[in-house]
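K.L.:
Submitted below is the structure of interest, expressed as structure tokens.
The values are calculated or read from the model by the stated rules, or taken from the named source; none is laboratory data. Every value quoted in this text rests on a predicted model; they were computed, and no experiment measured them. Cβ placement follows ideal geometry from the backbone for every residue including glycine, while neighbour counts extend to all protein chains displayed.
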Amino acid sequence: MMHQSTKPIALAITGASGAPYALRLLESLVQANRQVYLMVSKAAQVVMPMETALSFPSRPAEAEAMLREYLGAVEGQVRVFGREQWTAPVASGSNPPEAMVICPCSTGTLSAIASGASNNLIERAADVVLKEQRKLILMVRETPFSPIHLENMLKLSRLGVVIMPASPGFYNRPQAVADLVDFMVARVLSHLGIDNPLNRPWGQ
Ligand SMILES: Cc1cc2nc3c(=O)[nH]c(=O)nc-3n(C[C@H](O)[C@H](O)[C@H](O)COP(=O)(O)O)c2cc1C
């Protein structure tokens, strides 16, 4: 089992395009020795094998075993929770994670959070993080945004949620897709306060 001095980070992967961001973020959190509470939506399970070389097993225990091997994580470092696993620690405000990242975040999940739906564990965990006033980062991905998406993002932004659209910059002269992915992941890690080798601050 892991012994952590810091609280876990909750990471939810939903069915917006951008699964490579999620895998790279997960890998970076493991490399930074953070414990991760992972949730994967049904739609993300469809998108993941379309966009990456990885397929995600439906059963949390199988997903944990697969990730231990794929990431070289230690036992217990990445805990995977099912879509209706209401007994998971992230489902209760008595034990909130340090922060939660939804990467990528679909407009559907964005809307569910903005309305407080809490119909699956991802939505409930985000609702808990909001009510407990912990950090919530949404890497929303859609283009163009409709007024509904924009209103939902504005509403959440005003509540302190970090709206971080998957929108990599080109000023570092990216040479490969991996560079674009790292650009976004570095921004997330820096908002989480996690030192990381991906971050190349402007002006240094
Ligand atoms: C290949 C693929 C790409 C998708 N890309 C997006 C996207 O970029 N943004 C988005 O909001 N939804 C996208 N969707 C649709 C969502 O997966 C769908 O709305 C789903 O209900 C989201 O559910 P979830 O939030 O529970 O993951 C995509 C679906 C597929 C299959």
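K.L.:
Only one residue in S111, S118, S94 is closer than 22 Å to L154 by Cβ, free of Cβ contacts under 8 Å to residues at least 24 places away in the same chain and more than 13 Å from the chain's Cα centre (by Cα), so which one is that? Let's see the steps before the verdict.
P.N.:
Numbers: S111 fails: free of Cβ contacts under 8 Å to residues at least 24 places away in the same chain; S94 fails: closer than 22 Å to L154 by Cβ.
From the options S111, S118, S94, the qualifying one is S118.
K.L.:
What are the residues in segment 132-160 that are in contact with a Cys (Cβ under 8 Å, 6 or more places away or on another chain) and either surrounded by fewer than 17 Cβ atoms within 10 Å (Cβ to Cβ) or among the aliphatic types (A, V, I, L, M) (or both), if any?
P.N.:
Scanning segment 132-160 gives I137, L138, M139, V140.
K.L.:
Go over the candidates S5, S28, S17 one by one and state the one that is in a loop (DSSP other than H, G, I, E, B), at pLDDT 95 or above and among the hydroxyl-bearing types (S, T, Y).
P.N.:
Answer to the check: S17.
K.L.:
Now for a different question. Y37 - would you say it is aromatic (F, W, Y), touching a strand residue (DSSP E or B) at 6+ places or on another chain (Cβ under 7 Å) and within 16 Å of the ligand (Cβ to nearest atom)?
P.N.:
Spelling it out, it is not the case that Y37 is aromatic (F, W, Y), touching a strand residue (DSSP E or B) at 6+ places or on another chain (Cβ under 7 Å) and within 16 Å of the ligand (Cβ to nearest atom).
K.L.:
Please go through (1) within 16 Å of the ligand (Cβ to nearest atom); (2) in contact with a Pro (Cβ under 9 Å, 6 or more places away or on another chain); (3) under 14 Å from L138 (Cα atoms) for I9 and return the number of the only condition it doesn't satisfy.
P.N.:
(1)
K.L.:
Given the conditions (1) among the hydroxyl-bearing types (S, T, Y); (2) loosely packed, with under 14 Cβ neighbours inside 10 Å; (3) within 15 Å of the ligand (Cβ to nearest atom), report the number of the one that T87 does not fulfil.
P.N.:
All conditions are met except number (3).
K.L.:
Here is a further query. Restricting segment 105-135 to residues that are over 25 Å from P20 (Cα atoms) and in contact with a strand residue (DSSP E or B) (Cβ under 7 Å, 6 or more places away or on another chain), which is nearest to the ligand (Cβ to nearest atom)?
P.N.:
Among them, the one singled out is L130.
K.L.:
OK, next. With the checklist (1) over 22 Å from D182 (Cα atoms); (2) among the β-branched types (V, I, T); (3) within 13 Å of the ligand (Cβ to nearest atom); (4) in a loop (DSSP other than H, G, I, E, B) in hand, flag the one item T143 doesn't pass.
P.N.:
Here T143 meets the rest and fails (1).
K.L.:
Can you tell me which residue is nearest to the ligand (Cβ to nearest atom) among those in segment 45-78 that are touching a helix residue (DSSP H, G or I) at 6+ places or on another chain (Cβ under 7 Å) and under 21 Å from M139 (Cβ atoms)?
P.N.:
V47
K.L.:
Any chance segment 73-94 includes a residue that's modelled with pLDDT of 95 or more, touching a strand residue (DSSP E or B) at 6+ places or on another chain (Cβ under 6 Å) and in a helix (DSSP H, G or I)?
P.N.:
Checked segment 73-94: at least one residue is modelled with pLDDT of 95 or more, touching a strand residue (DSSP E or B) at 6+ places or on another chain (Cβ under 6 Å) and in a helix (DSSP H, G or I).
K.L.:
For segment 95-104: of the residues being more than 12 Å from the ligand (Cβ to nearest atom) and part of a strand (DSSP E or B), which is surrounded by the most Cβ atoms within 10 Å (Cβ to Cβ)?
P.N.:
Residues of segment 95-104 more than 12 Å from the ligand (Cβ to nearest atom): 95-101.
With the extra rule that they be part of a strand (DSSP E or B), the set shrinks to 99-101.
Working: A99: 21, M100: 27, V101: 29.
Ranking the qualifying residues of segment 95-104, first place goes to V101.
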